[in-house]
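Data first, discussion second: the structure below is written as structure tokens.
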Amino acid sequence: MKKVLFFAATLLLGLTFTSCEKEEIGGTATESMAGQWYCTVDAVDDNGNIIKTTLDGSPNDGENYFGLDNPRTLILTYNTTENSPSEMWVDNMGIGNFAESYANYWQSYGFFPTYTLKTKVNIDQANLTFKSVESQNFGVGYQWKDKDGNIFHEEKAMPVTIDGKILKGAGRQNNGSPADSIIFYVIYKDDPWYPDDGYAKYKVSGIRYSGLAEND
């Protein structure tokens, strides 16, 4: 009887460990490139030089077209629903969709585009690079309606071309510890302010969020 009980207990223990192993959750297929990134955004020329003035010499408002008055904005990179190892999302969490808040102001100058960003990019995990060419942009758009609620203008997020990479340990946190860094360039298709304002694309660069208050 003791032998039977011992065998039953051993079998139950083995099944328990087997069950635990099956339920163990692993990382996503894009784990090496996924993350939260605190970034800054600059309007740059074809060579990556920051544009400070428009072609007529005026201050370059293009630096804020992305909606980034704040010097630091959150960018997310994460796996697709299919969890493909060769594709991921780049998402700026709806930042840049501020035109609707200034509808009366901007309408007097013409409608203002939305610079939100949420698109899928192809990734090369061996080299930690990512890119897309005029990829569909699922970023938040906006609608302007008249007093009767009829839509008289709609802005959708513009398709984007992206070229970027992640650099392991190349950045520094506020506390001096090393951090992964990210840099990518964004070109919005049919951007109405290019080339009159003298820029060619946006440079987005920053470091991985550490989760520590001392680095915020």
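Share of the range 115-194's accessible area from carbon and sulfur, percent, 1.4 Å? Summing carbon and sulfur atoms, their accessible area is 48 percent of the total for the range 115-194. Using a probe of 1.4 Å on the protein chains alone, the accessible area found for residue 72 is around 90 Å².
The values are calculated or read from the model by the stated rules, or taken from the named source; none is laboratory data. Fair warning: this is a prediction, and the values are worked out from it, not measured in the lab. Surface areas here come from the heavy atoms of the whole protein model, side chains and all, with no ligands, DNA or RNA. Shrake-Rupley method; radii C 1.70, N 1.55, O 1.52, S 1.80 Å.
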